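Have a look at the structure below before the remarks.
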Amino acid sequence: MNEYRPDPDALLAAIQKGEARERRGKLKIFFGMAAGVGKTYAMLDAARQRQLEAVDVVVGYVETHKRAETETLLDGLEIVPRRKVDYRGTSLEEMDADAIIARRPQLALVDELAHTNAPGSRHAKRYQDVIELLEAGIDVYTTVNVQHFESRADAVRQITGISVHETVPDSILDYADEIELIDLSPEDLRKRLAEGKVYTPERIEVAANNFFRIGNLTALREMALRLTAEQVDHQLQDYMQVKQIAGPWKSGDRLMVAVSASPFSEKLIRWTRRMAYNLEAAWLAVFIETSDTPTPDAKEQLAHNLTLARELGAEVIIAAGDDVADALLRVARQRNVTQIIVGKPLRSRLAELLRGSMVNRLIRVSGDVDIYVVKGDELERQSIEWKVGRFIPQPKIHSSLQQYALALAIVATFTAVDLVLFSQISWVGYQVVGLTELLAVLLIAVYIGRGPALAAAFASAISWNFLFIDPRFTFQISQAHDVILFLLYFLIAIFAGNLTARLRTRERQARYNADRSMALYALAHETATAVNMNDVLRTAITQIAKVFDADVGILLLEGDRLAQDYHPSSTLKIDTKDHSVAQWVFEHGKPAGRFTDTLPQSPVHFIPLRTPNRIVGVIGIQLRSDSRLSYDQEVLLETFTSQIALVIERELLDEAAEQAAMLRESERLFATLLNSISHELRTPIAAITGAASSLRNPQTINNDVASGELLSNIQDAAERLNRLVENLLDMSRLESGRLKLKRDWCDVGEIIGVAVKRLESALGDRQIKIVIDPHLQLIRLDFVLIEQVIINLLDNACNYTPPETPISIEAQQRQRQVEIVVRDYGPGIPEADIERIFDKFYRAPGTAAGGTGLGLSICRGIIEAHEGKLIAENARDGGARFTIILPMIGEPPPVQEVNYG
Amino acid sequence: MADGLSVLIVDDEIQIRRFLRISLEAVGYQVHEAETGQQALTRTAQLRPDLVILDIGLPDMDGFQVLTRLREWTTTPVIVLSVRDSDHDKVQALDTGADDYLTKPFSVDELMARIRVAQRHSQPQPETPIFSVGDLQVDFAHRLVTLRGKPVKMTPTEYALLRLMVQNAGKVLTHQQILRAVWGPEYVEETHYLRVYFAQLRQKIEDNPAVPKLIVTEPGVGYRLVVS
């Protein structure tokens, strides 16, 4: 049974594909072997059919090529106006994807999927617009010819001799829910052509003699049929995967393509992708970094190649090694690769003899791994030579011509100096010359590279023989030991040059790796220790700016939307155009802007900050050099951005957790508050209601004593209610953080005086001892709040001590702080409660009714807002003692007598 | 008794209006009511009350606006009602031209005292050369201050302060009003002058300077010389 069970990962992937498809619009491709088979006609026909089924259909872009029968089909279909683009004085028309999305039809018709948009459009290619429509949930019907598929473009050119410039990636087929092949026999197509149904009369002949030859058409037809068959096969497999029908599961094949800095690699990559697709196999693209320094052009081509591979679905690996064949095999073994695809070397026979063929070596040592050698072709070869200056064999990068020229110039200089010394100074023999030349070779190996060093070794050996070894100015060597010397020189130069260059590469690579690890470590470390979002972002921006020499901006989320402006730590300034690019990146989760196919005219490269769950922002990067990032830089940047995204997510989650905790805490407080105050509120209300109703009774009114007592009962209850409300208000102001101190220069003695006077009635006949230090300076306080603290403390003292005991208040200055002590001579605070009396709603057990449990909590809040301290303790000789310590900040300004002069 | 003086009560709370009406009518005032700022303005113009009691929190416009509009054409005394925690409102009301304020909740006794003071200050004051409150006597003509018959030595500043407070006996004066009157308009921010000189003054004229009874501090607002 087991062998019939589908691979769970594959199953999941198939289901996810299905889910993604449900949200997305459906794509139907009308597919043909060449122009004129009737794709547009078939598409319009199908669309009209849907329209009859009450589907909302619009025409996004249809080119009828003035074919009458096609044009009649357009009648009655709504056409979304095209977008006009001015390009170098001419006005071009493009499909307006935004207008279609705004119109929200169920189905849009888009002709010519492979079309290249006018420069300045958001996307380079129309298929990207189509993907956007699909993602907006709009179904799309589109048309495309087989020659436009990237993987077939080469084959088409080989068959027809016509280069195809407008291509779509094969991966567009993954989006397709349905493919309809519009098939026509080549003879019928030629007949249609002759009848003028495809091209206008003046073009018929040219077309018929070139592209539309029977041979070409047959080949294209085969290609179209095959592509359709492949696609149908895939759909069948997806179906079987989901339905758990036992069948041919994915093969165990794993392909690996060797990528170099050559434009030819593109073809290899496409070839491999196609093969992997047909084999249902995973595939890797591998670049082997050798000791040779690539030119900037080569670097760019390499980055392009590796990006292409990644876009086509390969896993990209960069490995180091001087022997490309060995390194390739090492990676192949590590990754269980079954087939390796390499380019066929196009170098001359001589070069192959001299340097050995990597391909031959690879084949010799490959063991059980199959090797495919794929040929590059002449046309591309020319373009390679034109572009890089000389052909670059697969898969090695070599130094540029300038580097070779420099190496030979150094050898020439050394030789010239040696010539002078040799002729002028008698003891400078040809051996000394030989060793100085050797030195030159080593220097070249260290500072320039291996290739130039080998060339220098070769050149210097020849010149040494020719210019210095007897007989001079011939290539002959007369003495036997000179022959040995010469041969040894040659070998040593080559070995030493080789070794030195190799060491240098290792060192460079180690340094690069160390730099990369350091940069990542720095980012990880700094962001891990950052305490808040601002710190995190500032660190991230600084690190990226440093490592990539770029200006950086981060756009975070504000609610569910992207912020209007960069985070303040950013070094970039936003403008509306940039923001719309960033917005696109945010909505689609794909990079855009500079160096991408989407909105490349923007100077800033935008990357989504993506976490497994969502997109938390967009980062914009503008390289100061404005050159494309190399592939490893791109990978590093990706690592950076995902790290930053994770840290931002962490911060966002922290904030959310904090808010949740605060909410929980405030809910808890709210519950406690309700419990505590409902009783406190009801008691005075009950007293007031009771007393008032009693006073309505004629008997009570006539009893002066009773009514007097009831009236004072009402008054007391109302005062208690008032105190409760004031406490609650104070507490809520303190809690909400909205408490703003109104600091002013105050006389502490005056505050105490006011507080005591306010409590006159509560204090009654109680003895109050007030001692104020006569040298007490003015201090900056919030008069009303500190007065409130003293009132609360005095009130507490009154409530918790017998009426006959005194209360004392002392204020004195100790250095730069003022100490106010409120003490009573009552029973003191139970030791167990000392720590808890400042808690909200805490009331010492067994205390009299009437308090809220808020007074002391409010006091401490106010004193702490003044950066002071409130300490509760029991005095040694009995009674509770509360000490307020307030720091004195600044000297009170001088005062001035009135001047009546 | 209040000899039929008329009072306009401006408050949107019917309970407050009712309790004020009953209390004031009981002692002989003639009481009118207004619920909104607009009503307050028209009623004041129509009825020409002798005194207005104005709540700062009104539904249609705030009390300050009413006060400003009133002060454009009338000097009728206005007593403002406000709540605790709004010292700023009290100061603003006083500086806008209110004669006094009361903090809710307040007792009728306090209200009556304020009304009497405001009423007195709105009348043309007979030029009394000697003022006395409790044991304190101030002889303006001779610039002489005596406490229980004994002369008290004063600096010019202390005397200027005391004279201002005495001239406005019973009324609250804001910090700014005092500073402007005694030191001059450029000193209105120097509230610490007041802390220092009132402390000195209290040392000289109060029985118990730690708990002053004569010149009391109105926290966050100003000072008041208590008459009754």
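The single condition among (1) surrounded by fewer than 17 Cβ atoms within 10 Å (Cβ to Cβ); (2) within 12 Å of residue A:410 (Cα to Cα) that residue A:428 does not satisfy is (2).
The sole residue among A:800, A:842 that is more than 23 Å from residue B:219 (Cβ to Cβ) and free of Cβ contacts under 8 Å to residues at least 60 places away in the same chain is A:842. Go through the residues of the stretch A:303-321 one by one and say whether even a single one is modelled with pLDDT of 80 or more, under 22 Å from residue A:360 (Cβ atoms) and either not in a loop (DSSP other than H, G, I, E, B) or not assigned by TED's automatic domain parsing to the domain that holds residue A:128 (or both). No.
If you go through the stretch B:173-212 and keep only what is more than 23 Å from residue B:86 (Cβ to Cβ), at the interface with chain A (Cβ under 9 Å from one of its Cβ atoms) and either in contact (Cβ under 8 Å) with a residue 24 or more places away in the chain or touching a helix residue (DSSP H, G or I) at 6+ places or on another chain (Cβ under 8 Å) (or both), you end up with B:182, B:183, B:187, B:190, B:193, B:197, B:198, B:199, B:209, B:210, B:211, B:212. Do you know which residues across the stretch A:758-768 are facing another protein chain (nearest Cβ under 9 Å) and without any contact (Cβ under 8 Å) to a residue 24 or more places away in the chain? Of everything in the stretch A:758-768, just one residue is facing another protein chain (nearest Cβ under 9 Å) and without any contact (Cβ under 8 Å) to a residue 24 or more places away in the chain, namely A:760. Of the helices (runs of 4 or more DSSP H) lying entirely inside the stretch A:81-162, the ones with 1 or more residues being hydrophobic (A, V, I, L, M, F, W, C) and within 32 Å of the chain's Cα centre (by Cα) are found at A:97-103, A:126-135.
Taking the criterion of being within 18 Å of residue A:74 (Cβ to Cβ) and out of contact with any Ser or Thr (no Cβ under 8 Å at 6 or more places or on another chain), the residues of the stretch A:116-146 that qualify are A:140, A:141, A:142. Hey, could you check the stretch A:46-71 for residues that are modelled with pLDDT under 85 and outside any loop (DSSP other than H, G, I, E, B) and say which is surrounded by the fewest Cβ atoms within 10 Å (Cβ to Cβ)? Filtering first and then ranking leaves A:68.
When residue A:792 is tested against (1) within 56 Å of the chain's Cα centre (by Cα); (2) within 19 Å of residue A:884 (Cβ to Cβ); (3) free of Cβ contacts under 8 Å to residues at least 40 places away in the same chain; (4) away from chain B (no Cβ under 13 Å), only condition (3) is not met. Across the stretch A:153-165, the qualifying residues are those that are touching a helix residue (DSSP H, G or I) at 6+ places or on another chain (Cβ under 6 Å) and in contact (Cβ under 8 Å) with a residue 24 or more places away in the chain, and the one among them that is surrounded by the most Cβ atoms within 10 Å (Cβ to Cβ) is A:156.
Of all residues in the stretch A:826-839, those satisfying the criterion of being among the aliphatic types (A, V, I, L, M) and either touching an Asp or Glu at 6+ places or on another chain (Cβ under 7 Å) or in contact (Cβ under 8 Å) with a residue 12 or more places away in the chain (or both) are A:829, A:834, A:837. If you go through the stretch A:693-714 and keep only what is surrounded by 14 or more Cβ atoms within 10 Å (Cβ to Cβ) and either of a type in the set (A, V, I, L, M) or within 14 Å of another protein chain (Cβ to nearest Cβ) (or both), you end up with A:695, A:706, A:710, A:714. Considering the stretch B:71-128, the residues that are among the hydroxyl-bearing types (Ser, Thr, Tyr) and in contact with a strand residue (DSSP E or B) (Cβ under 7 Å, 6 or more places away or on another chain) include one that is farthest from residue B:9 (Cα to Cα), namely B:103. Remark: residue A:883 matches the filter, which requires a residue to be closer than 24 Å to residue A:787 by Cα, polar (S, T, N, Q) and either at pLDDT below 85 or assigned by TED's automatic domain parsing to the domain that holds residue A:787 (or both). Scanning the stretch A:726-757 for residues that are within 9 Å of chain B (Cβ to nearest Cβ) and either among the charged types (D, E, K, R) or assigned to a loop (DSSP other than H, G, I, E, B) (or both), we see that the one that is farthest from residue A:716 (Cα to Cα) is A:744.
Residues in the stretch A:772-783 that are outside any loop (DSSP other than H, G, I, E, B) and surrounded by 21 or more Cβ atoms within 10 Å (Cβ to Cβ): A:779, A:781, A:783. A single member of B:226, B:221 is under 28 Å from residue A:767 (Cβ atoms), of a type outside the set (D, E, K, R) and under 20 Å from the mean Cα position of the chain (by Cα), and it is B:226. One residue stands out in the stretch A:859-887 among those that are of a type outside the set (Asp, Glu), in contact with a Leu (Cβ under 9 Å, 6 or more places away or on another chain) and in a loop (DSSP other than H, G, I, E, B): the one that is nearest to the other protein chains (Cβ to nearest Cβ), namely A:866.
The values are calculated or read from the model by the stated rules, or taken from the named source; none is laboratory data. Here the structure is a predicted model, which means the values were calculated and not measured. Ideal geometry is used to build each Cβ from the backbone, glycine not excepted, and the neighbour counts take in all protein chains shown.
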